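We did not get these values from a lab; they are worked out from the coordinates using the rules stated. This structure is a prediction, so every number in the text was calculated from the model and none was measured. Methodologically, a virtual Cβ is constructed for each residue, glycine included, from the backbone with ideal geometry; neighbour enumeration extends over all protein chains shown.
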Amino acid sequence: MSALAAAASTGEAVQFWVLGTVAVVGALGTILMKKAVHSALCLAATMIILAVFYLANGAYFLGVVQIIVYTGAIMMLFLFVVMLVGVTAADSLKETLKGQRWWAALCGIGFGVLMIAGIGQASLGPGAFVGLGEANAAGNVQGLAALIFTKYVFAFEATGALLITAAVGAMVLTHRERTERARTQRELAEQRVREASAPPSAAPHPASADYGWKLPTPLPAPGVYARHNAVDIAGLLPDGTPSELTVSKTLRDRGQIRDVSREALNDLRALEQRSEERLGRDCDELDRGGRGEGQEAGR
Amino acid sequence: MNPVNYLYLAALLFTIGASGVLIRRNAIVVFMCIELMLNACNLSLVAFSRMHGNLDGQIIAFFTMVVAAAEVVVGLAIIVSLFRSRHSASVDDASLMKL
Amino acid sequence: MSFPLLTAAAALPALGAIATAAVPAGRRTAAKWLALLVSLGTLALAAVIAVRFEPGGERYQLTESHAWIADFGVRYELGVDGIAVALIALTAVLIPFIILAGWNDADPAPDAAPGLGGAAPGSGGTPAGAKHYRWRPTQGFFALILSVEAMVILSFEATDVFLFYILFEAMLIPMYFLIGGFGDRAHAGSDEHAAAQRSYAAVKFLLYNLVGGLIMLAAVIGLYVVAGNFSLTEIAAARADGTLEMAATIERLLFLGFFFAFAVKAPLWPLHTWLPNAMGESTAPVAVLITAVVDKVGTFAMLRFCLGLFPEASAWATPVILGLALVSIVYGALLAVGQRDIKRLIAYASISHFGFIVMGIFAMTTQGQSGSTLYMVNHGISTAALMLVAGFLISRRGSRLIADYGGVQKVAPVLAGTFLIGGLATLSLPGLAPFVSEFLVLVGTFTRYPVVGVIATLGIVLAALYTLVLYQRTMTGPVKEEVRTLPDLRLRELVVVTPLIALLIFLGVYPKPLTDIVNPAVEHTMSDVRQKDPRPEVEAAQ
Amino acid sequence: MDNAENLIALLVAAPLLGAVVLLLGGRRLDRTGHWVGTALAGASFVVAVVLFTEMLGRPGDDRTLYQHLFSWIPVGGFQADVAFQLDQLSMTFVLLITGVGSLIHLYSVGYMEHDERRRRFFGYLNLFLAAMLLLVLADNYLLLYVGWEGVGLASYLLIGFWQHKPSAATAAKKAFLVNRVGDMGLSLAIMVMFTTFGTFAFGPVLDSTGSASEGTLTALGLLLLLAACGKSAQVPLQSWLGDAMEGPTPVSALIHAATMVTAGVYLITRSGAIFDAAPAAQLAVVTVGAVTLLFGAIVGCAKDDIKKALAGSTMSQIGYMILAAGLGPVGYAFAIMHLVTHGFFKAGLFLGAGSVMHGMNDEVDMRRYGGLRRYMPITFVTFGLGYLAIIGFPGLSGFFSKDKIIEAAFAKGGTEGWILGGAALLGAAITAFYMTRVMLMTFFGEKRWQPDAKGELPHPHESPRTMTAPMIVLAFGSVFAGGLLSWHESFVKWLEPVTGFDHGHAPLGAAAITTATVAAMVLGVALAYLQYGRRPVPATPPRGSLLTRAARRDLLQDDLNHVVLVRGGEHLTRSLVYVDHSLVDGVVNGTAASFGGLSGRLRKLQNGYARTYAVTMFGGAAVLIAATLLMRAV
């Protein structure tokens, strides 16, 4: 508990210089990262470090609260919102307002310099620090409690009210009022039919992929009326032509549709050839029929 | 080491946060920067409470946290509804104040 | 603690205004009658004040005093001297006539745009279709008039500088709406043009007076810094017995601050240009309200505050102010001669008359200041008579241009007669009230500043010129075609005009009741500024 | 009858009552109104006679009656009362006003018979009587001023009685305005009196003239003279009288011949004490008088409008009176005497003219008269008697009064005396000339009648009795008044307590002056006869000499006014209107505009980007810190 002493020990000094640097880096990261998520993470890091500093300064309660409330609650809230808005939204750091960045830099530097100058000019030597020795004598939390519930009780109650209000406010703000009545199933069905019953003029052949208008029914499954039932084989329409609509869009885009209508006939012809050669005899009607079939297939 | 360094650190963080508010367009990030500034203040408050040897500074810091929490809640809610309405979280898009 | 008469006299119209404004939209006539009754009640209270006031007694009587903003020593402090009584009486007398004259000016026509009045004046009752009219111009019109009355009366009574300042400024708000919201329907050009003109006039009125008020505010604060409180009586007393010393420059600056505001309100050349617009664009009753009632607050305040609080500075500034007053007199009269618009002509005539009033105040003689006080009253009455008759005429023909009239005398002799009497009063013909005051002012000025008096006398001739030219062009000569069908004055209008004219004649023949009230107050003012009437050169053999 | 003074108010009250009743009475009085008015005027005359007898019953130095009604304007040292003072001077005027007034009321009954606004006419006439009586009865200058402006108002209303005629309206306005200039003089005079003596009541002021500086008195005198010029149509303010003839003839007779225009003479005589102590002012007065009497006479010679010719004559006769009044105690009495006689014969002449117009369909151009003596004998006789009286035919009124004035003028002594006397003599000659001209052109020669506007020839006839009776009475007056008044200098003695009197010593004897006067008169008549009696009068006026043409235009008086006042005034007002709009108002609007522009530029800073505002805030914070640090540093 030497941290309570006025002057800081070397250990604390080391801790300060190391973590302080990290904190500053985190802060810079917060404002320089392209993606909001990264900024949030950097901020979280800085806050944790600040929590450590609180502890180092003898504000044990605050240190813990800092971790729980800030890093635990607030930062998570931030992350949620970031997710809500879109993680990948990386906003460009290109400045749109004319001169904004320069002014910002000028003001920032000026402000910082002045602040530091002011603190320096206040010339607070180590002797200026009383330390929290007796203040924390009865324990930091007890001390805070004593103050909160006596001296600051009204402010405390007020903050309570404030929090409630904030919660309600958040709900009011984010709650979205439904503007129109939800449509019943019947209405949906009717709409479906209505849309379907209005074919565009010069309707393309149902087989084509860019089939212009909604079907009242679900699309046919692949492999219907087909000899194959693979996913990449288009089903055949009643007239035997394959309908690309039956194949999933991804495959269609990749062009991985196999057309099997032709090779089926080829297999048949090959079979007949083989059987003729084996029997070796000429059979007219068979031949005729077979030829006719062959011709049929050949066409 | 002189604990006054905490104050310098706080000033630095505050300045960084403020500059962030000025240069970032994403409302959420702007909010984070504001949080950063608040935390910087808290740090200085804590340091002061150490300096004066009483706990009032920490109390104030505590209240700051509470208020900050409330503010974040509402603020984020606003951002969300804003995003819903105009599909962007850029503070520059909400520039209807111009004549 | 006796009955707070002064507060009551101001509170009654204030409450009346609220009540009138609350009358539902359909019941316009009720609102009118309510407003009229309230104004008559106020008149009764004013009469009681005039009776309870003993001319010989204390300087400020019927006083009331309550702490208001204790931290700054601001008090709700009322009290009347003779001058205030006279002016309160004037206000209380004029308002009923103004209300009666504006009886139909704010009726919404079924197709009327808000602000731009309504049914043709004179067509009484509620025009069809106005039933479903949500917007309630009539109620607003009369409520505004009553509120103005309340503030004017209270400002005449206030003996606390801060309280007076508040009222002095607050008055502008209802006036602004009266000017901008209820324009004269007789205008050349389109409705849009008229509306633009009207809003221009209203804004001009507001800006002028606000600037004046702003400077006055600075002076008020300065006064508080110097004197430590706002009470007119205390400060004046302290000034008198020398316990409150002011550096000459400070006093002069404060004086100028106050005077500027009052000069804008009065209005004094070259701060006068808002008046013609305001009077030209507003309806005749409102124009009367402006020039006959509200502007009097300015001249009254010069008499009560400028002279009472800053005697040395007043003496210091007198030459310049007299010069300005002189310019106003001649300049206003000449411009009146040059006008083509009846109402603007009357406005410039008023500017000339206000020049006389200011001149009399700063002549620092008993005759001058009594004359000025009488002048305020008489000018109020005479302008009211002339302007209201002019308003009746304009509302008949629907034009403000002098050139559009001619030969009215043959068509509407009564109207012409009353108009002539009003005009004769304006040119201050002996036997009518304004003569008494004008002559007093001139004599009072002449005894101290002969040259000024001589030049100011020119105003008499010029007044005759513009009045008679106006009368000749409008009333005499061959009858114009458009005029041939004009009806003569109606009963309501006669009720408005006749008492005013009777009052003009009575006060012209027997002003003693008024002078008896006013003289002691003027004596006090003279002692404030430590001035005595110049002795005659030779003692006349009696 | 010891409290006769209480009757004085009645003199004013009666006609005032009449005015009120007639003007407010409304249509129901249209049938009887004129008789009411006449009766009240007559009543006032009766009261006047009663007071006159009462006054005669008193010793000469104790004939002044006072009546204090009420305190009018009491403010500090300024004490104006409504109080009357009836002394011999006022009495004379009261009798003249009420007497002639009543006669003319009577005359008007006939003259205005066909006018539907007759009631109002009589109301105005009564109003005039009241104001005029107030004027002569007031015991202080302020009350006199009231009457002074009151008669001005009445004259305004009556000149413009036929308002539908633009000429009439303009003439009325002109008369009032010119009078206002004079009134300015009177009001300034009152102010000077108040500043000097601390009062403006006749008694104190006139008694203490001795103690005032002569400069002040001269100023007073000149101011009063200005007032007199305005009211009595003396040069340079005479221009309104000619146009005033637009009014009905009775008005011209009563107001612009007999009574109102003589108010100036009253004022000067009343203020005699002031003028006696201020020789410079007196000189101004006599100069004005002399100039005007010639001026008016010359104008009278050139006018073809009978009324305007008579108006010129009025001007010139009043010039005589003013001249006399300017001579001081020598002349006051004669001024008033001439005023009275003039009141008779000039009123008679005007009424005669009115009667002629009445018979000639309101034709006023004498060149269209001629040979009327046969058609309207009474008018001819009365007019003729008035004519003889005015030219100063020995034995008639005008002879006595005018002769005395000329004598007094010579009595002034020195070159002044000669000049004034000469002027007066010349005036007498010219008077004879133009009056003879009027007489010849109207009643003698051949008929030159022209069809009137409606194209019908006039057939002249004698006027009704209500009109002729007053003319006859006035004719008697114009014959005998002069002789009566100068019988043993009765009139002079009568006025002496008020105006004082001393016999002037003319360089040449009274007889010589009388003969000279008669000679001048004869000369004038002869000349006129040669020009208008012998050879026929052309129906259209010949071009005439330069002087004639100038005289026809009132010796360019109006042109002068037009160029100097009207034109200049118009330019002044027009430029001032411009100045007010563009300069005085322009400055304000300019300021407003500049502010608008400025804010328009500043507005650009408000680009609506929250971050920009944040930068400003941040910079502001920095500045604040810098400020605090500086504060601590120093």
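So here's what we get for this one:
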{"item": "The protein assembly as shown - Rg (one decimal) and Dmax (whole number), Cα, Å", "result": "51.0, 194"}
{"item": "Rotationally averaged projected area of segment D:216-273 (alpha carbon convex hull; nm²)", "result": "3.9"}
{"item": "Degrees separating the helix B:27-52 axis from the principal Cα axis of chain B, which is the longest one", "result": "10"}
{"item": "Relative contact order (%) - criterion: Cα under 8 Å, at least six apart; region: chain D", "result": "12"}
{"item": "For chain C: relative contact order, % (alpha-carbon pairs under 8 angstrom, 6 or more apart)", "result": "15"}
{"item": "Over chain B, equivalent-ellipsoid semi-axes from the Cα gyration tensor in Å", "result": "32, 15, 9"}
{"item": "Peptide ranges C:36-46, D:336-346 listed from the most packed, as the mean C-beta count within 10 angstrom indicates", "result": "D:336-346, C:36-46"}
{"item": "Tail weight of P(r) past 39 Å, computed on alpha-carbon pairs of chain C, percent", "result": "21"}
{"item": "Cα principal axis extents for segment D:377-456, largest first, Å", "result": "59, 24, 19"}
{"item": "Dipole of the protein assembly as shown, positive end: most advanced residue of A:A51, A:A234, C:G73 [Cβ charges, Cα centre]", "result": "A:A234"}
{"item": "Normalised per residue, the volume of the convex hull around the Cα set of segment C:285-435 (Å³)", "result": "96"}
{"item": "At 1.002 mPa s and 20 °C, Stokes D of segment D:562-633 from Kirkwood alpha-carbon radius, µm² per second", "result": "123"}
{"item": "Over 19 Å (Cα to Cα) - which of D:K231/D:K346; D:K346/D:K402; D:K308/D:K402 fall in this group", "result": "D:K308/D:K402"}
{"item": "Inverse of mean 1/r across different Cα pairs in segment D:502-634, Kirkwood, Å", "result": "25.8"}
{"item": "Where labels lie 7 Å past Cα in the beta-carbon direction, separation of C:R340 and C:E58 in nm", "result": "5.7"}
{"item": "Largest-first principal axis extents of the Cα set of segment D:1-144 (Å)", "result": "49, 39, 22"}
{"item": "Overall dimensions of segment D:484-556 by Cα: Rg and Dmax, Å", "result": "20.4, 54"}
{"item": "Spread of Cα-to-Cα distances over 5 Å intervals beginning at zero, given as percent, for segment D:232-304", "result": "3, 14, 21, 24, 18, 11, 6, 3, 0"}
{"item": "Dimensionless Rg ratio for chain D, taking C-alpha atoms and the 2.2 N^0.38 Å reference", "result": "1.21"}
{"item": "Summed side-chain charge close to D:F380 - residues other than D:F380 whose Cβ falls under 9 Å, Lys, Arg +1, Asp, Glu -1", "result": "+2"}
{"item": "Under 19 Å from the Cα of D:K173 - aspartates and glutamates, other chains or at least 8 residues apart", "result": "D:E149, D:D183, D:D243, D:E246, D:D554, D:D558, D:D559, D:E570"}
{"item": "Unit Cα scatterers, Debye sum, segment C:135-232: log10 I(q)/I(0) for q = 0.14, 0.21 Å⁻¹", "result": "-0.64, -1.06"}
{"item": "Separation of alpha-carbon centers, segment D:556-582 and segment D:363-405, rounded to whole Å", "result": "43"}
{"item": "Kyte-Doolittle mean at least 0.5, axial Cα span of 18 Å or more - DSSP H helices of chain C", "result": "C:5-22, C:28-52, C:82-101, C:137-157, C:191-227, C:248-265, C:311-338, C:342-362, C:413-426, C:433-448, C:450-475, C:491-509"}
{"item": "Euclidean distance of C-alpha centroids, segment C:33-100 and segment D:607-627, integer Å", "result": "53"}
{"item": "Nitroxide proxy distance, nm - points 7 Å out along Cα→Cβ at A:S275 and A:T184", "result": "6.1"}
